[in-house]
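Below: the structure, in structure tokens.
The values are calculated or read from the model by the stated rules, or taken from the named source; none is laboratory data. For clarity, every value in this text was computed on a predicted model and none was experimentally measured. Glycine also receives a Cβ, built like all others from the backbone with ideal geometry; neighbour counts cover every protein chain displayed. We work out accessible area using only protein heavy atoms, side chains counted, and drop any ligands, DNA or RNA first. Shrake-Rupley method; radii C 1.70, N 1.55, O 1.52, S 1.80 Å.
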Amino acid sequence: SQELEQSPQSLIVQEGKNLTINCTSSKTLYGLYWYKQKYGEGLIFLMMLQKGGEEKSHEKITAKLDEKKQQSSLHITASQPSHAGIYLCGAATSGGYQKVTFGTGTKLQVIP
Amino acid sequence: DVKVTQSSRYLVKRTGEKVFLECVQDMDHENMFWYRQDPGLGLRLIYFSYDVKMKEKGDIPEGYSVSREKKERFSLILESASTNQTSMYLCATQFPTLSYEQYFGPGTRLTVT
């Protein structure tokens, strides 16, 4: 079965600093999702990557999928308190894009 | 905007009770999912449904059942609640578009005492 490992598990940064979260798969990724979860709430879709080397940005958040399609990174530039939350990566299973296996998440705190 | 609602934000039940968690969506999405989220374990798929009356087991279906009588409503049933089912339960919907992104409800935090 697909396993996803996220690092770091938690992160505390000063407002304005850049940060990177990594997601590593034990198998080739057919589709990689990034979601954000505010504490105690549901997940919000950020972006999806499918092709090796693909990079997408949304506001100050950039996600990349490596050429081998086994690792993805999420980079936040000039972090703000609104970026705080739990970031989860999810991998589409090889059988299709319907089912997603999620990583354990990275908890981000941004100190003003 | 897609709206996914869950019947309760917080729920406290006793061991052995039958528990119903309901999820309702307003976007006519075919696919619906139930996950549970636990510290250190992330989100794990319990069941999903790809059409009315159609369901498929996820990774941890034991102790749970589901019902989907109407397209917009997907219910998770704990036949006899146990303390190890204390968790955050998240419902999600999905329309089979190019990205297959999932839309999540706010979650139900269930405590079984």
Relative to the compact globular guide of 2.2 N^0.38 Å, what is the alpha carbon radius of gyration of region A:4-107, as a ratio? 1.01
At a Förster radius of 41 Å, what calculated FRET efficiency corresponds to the Cβ-Cβ distance of residue B:9 and residue A:67, to the nearest 0.05? 0.45
Accessible surface, region A:4-107, averaged per residue in Å² (probe 1.4 Å): 47 Å²
Considering just Cα atoms, how many Å³ per residue does the convex hull of the protein assembly as shown enclose? 117 Å³
Global form of region B:59-113, assessed from the alpha-carbon gyration tensor, a/c cut-off 1.5: prolate
What nm value, rounded to one decimal, do you get for the distance between residue A:10 and residue A:55 when each label is placed 7 Å out toward the C-beta? 3.2 nm
When we measure straight from the Cα of residue A:17, which lysines land under 25 angstrom away, once same-chain ones fewer than 8 places off are left out? A:36, A:38, A:56, A:60, A:64, A:107
May I ask you to list the trypsin sites (Lys or Arg not before Pro) in region A:46-78 that are in a DSSP loop and have at most 16 other Cβ atoms within 10 Å of their Cβ? A:51, A:60, A:68
Zone residues, region A:1-36, relative to residue A:107, backbone N less than 11 Å from point 7 Å out along Cα-to-Cβ: A:9-12
Given a 1.4 Å probe and every protein chain left where it sits, what share in percent of the accessible area of chain A is carbon and sulfur? 46 percent
Looking at chain B, what % of its DSSP beta bridges pair antiparallel, to the nearest 5? 90 percent
Rounded to a whole number, what % of the accessible area of chain B do carbon and sulfur atoms account for, probe 1.4 Å? 50 percent
